[in-house]
Amino acid sequence: MRLLSVIDGDLNRLLVFELEDGNRVESVFYRGDTLCVSTQAGCPVGCVFCASGREGLIRNLTPEEITGQVLLARTLFPVKRVAFAGIGDPLLNWDSVRETFWWFKGEGLKVSFYTAGKPADRLKDLLLIPHSGVTVSVHSTDPEVRRKLMPHAGDLDSLLGVLREVLPSLSKRKRNKISLAYMPIKGVNDSEEEVVRIGLLAKELGVGITLLYYNKVSAFDPVGPERYEEIFRKLRSMGVRVTLSTRFRRDRIGGCGTLVINREV
Ligand code: SF4
């Protein structure tokens with residue numbers, strides 16, 4: 001594989017890699033120390049708020065193609081942390097991701113994950129390894145609404161079943177590293193009832209909420225800054241630990257949901 005191009009955003013640096021078979025995937029260097037890496041060429045989950053899954057899945061990346069993103073990025077940037085949050089869902093390529101996780105740990109890197117949380121046995125495995133953060137994409141407590149947003153993310157009940165089974169066995173320190181991702185989208189999952197239900201779920205599970213701001217990549221619309229702020233305040237008033245989308249996550253280059261396969265550069 002080779003590093004084809006580096007595209008500068010307002011804050012982020014987007015790295016485009018060309019693989020041996022000609023497919024192109026992407027990583028994002030952000031925050032001055034973190035590389036968000038891809039685990040699949042394309043993604044089968046098909047979230048409506050993400051451009052990465054538009055073409056479905058082409059194939060899983062090999063361990064060498066995942067570590068290769070870090071090795072090539074390191075020639076330009078001081079990578080201290082790795083986030084499995086680029087193109088693809090890490091649990092859907094778990095054998096390769098697990099192998100690279102241990103390699104990254106051996107290199108002294110901190111490693112965090114974003115996942116839709118299926119399949120259940122792999123999620124259990126992930127929650128128990130020495131990660132630096134796992135964010136599980138919930139987005140709605142209504143199975144129908146979640147299916148609309150994440151058509152192939154799997155069954156919400158079985159996801160919640162794993163979280164209810166595993167989280168109580170974890171130390172508070174470990175649970176503090178786990179959060180539920182909630183990205184409110186206008187008219188879909190932004191009602192007051194939904195906000196309260198998600199807040200109650202986070203409280204029941206003893207985890208925080210990562211409140212993501214939607215970067216518009218499809219026909220769906222963001223809630224707008226005022227409603228986003230209101231939702232933040234509501235969750236906080238319920239006693240939930242809430243993390244807001246950073247400026248890096250909202251950058252038009254390399255922000256959440258904006259990575260694509262086979263970008264023309
Ligand atoms: S948000 Fe993640 S799981 Fe959903 S389509 Fe994008 S890369 Fe796949």
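In deg cm²/dmol, rounded to 500, what helix-only [θ] at 222 nm does the chain give when every DSSP H run of at least 4 residues adds -39500 (n - 2.57) and the total is split over its residues?
When only DSSP H runs of four or more count, the value is -9500 deg cm²/dmol.
On average over all directions, what projected area in square nanometres does the stretch 2-250 have, based on the convex hull of its Cα atoms?
About 12.5 nm², averaged over all directions.
For a footprinting-style exposure proxy, rank Ile66, Ile231 by other Cβ within 10 Å, fewest first.
Sorted ascending by nearby Cβ count, the order is Ile231, Ile66.
Under 19 Å Cα-Cα from Lys105, which aspartates and glutamates qualify once same-chain neighbours fewer than 8 residues away are excluded?
Asp33, Glu64, Glu65, Asp95, Asp125
Can you say what percent of the DSSP beta bridges in the stretch 2-250, counting only those with both residues inside, are antiparallel? Round to 5.
50 percent
³J(HN,Hα) across the stretch 14-25 via Karplus (A = 6.51, B = -1.76, C = 1.60, θ = phi - 60°), whole Hz, x for Gly/Pro?
Values per residue, Gly and Pro as x: 9, 9, 10, 10, 9, 8, 4, 7, x, 5, 10, 10 Hz.
Compute the relative contact order of the stretch 27-114 as a whole-number percentage, counting only Cα pairs closer than 8 Å that sit 6 or more residues apart in sequence.
35 percent
Considering Cα pairs under 8 angstrom that are at least six residues apart, work out the relative contact order of the stretch 212-265 and quote it in whole percent. Don't skip to the answer; put the middle values down first.
Details: 35 pairs, mean separation 22.3, N = 54.
Reported relative contact order: 41 percent.
Using alpha carbon centroids, what distance separates the stretch 67-103 and the stretch 198-258, in Å?
24 Å
Any lysines with Cα under 25 Å of the Lys186 Cα? List them, leaving off those in the same chain fewer than 8 positions away.
List returned: Lys148, Lys203, Lys216, Lys234.
Using Cα-Cα distances under 8 Å and only pairs 6 or more residues apart, what relative contact order does the chain have, in percent?
21 percent
How large is the dipole of the chain about the Cα centre if only Lys and Arg carry +1 and Asp and Glu carry -1, each at its Cβ, rounded to the nearest 20 debye?
Result for the chain is approximately 960 debye, rounded to the nearest 20.
Where a number appears in this text, it was derived from the coordinates with a stated rule and is not lab data. Given the structure is predicted, the values throughout are model-derived calculations rather than measurements. Every residue, glycine as well, gets a Cβ built from its backbone with ideal geometry; the counts of neighbours run over all protein chains shown.
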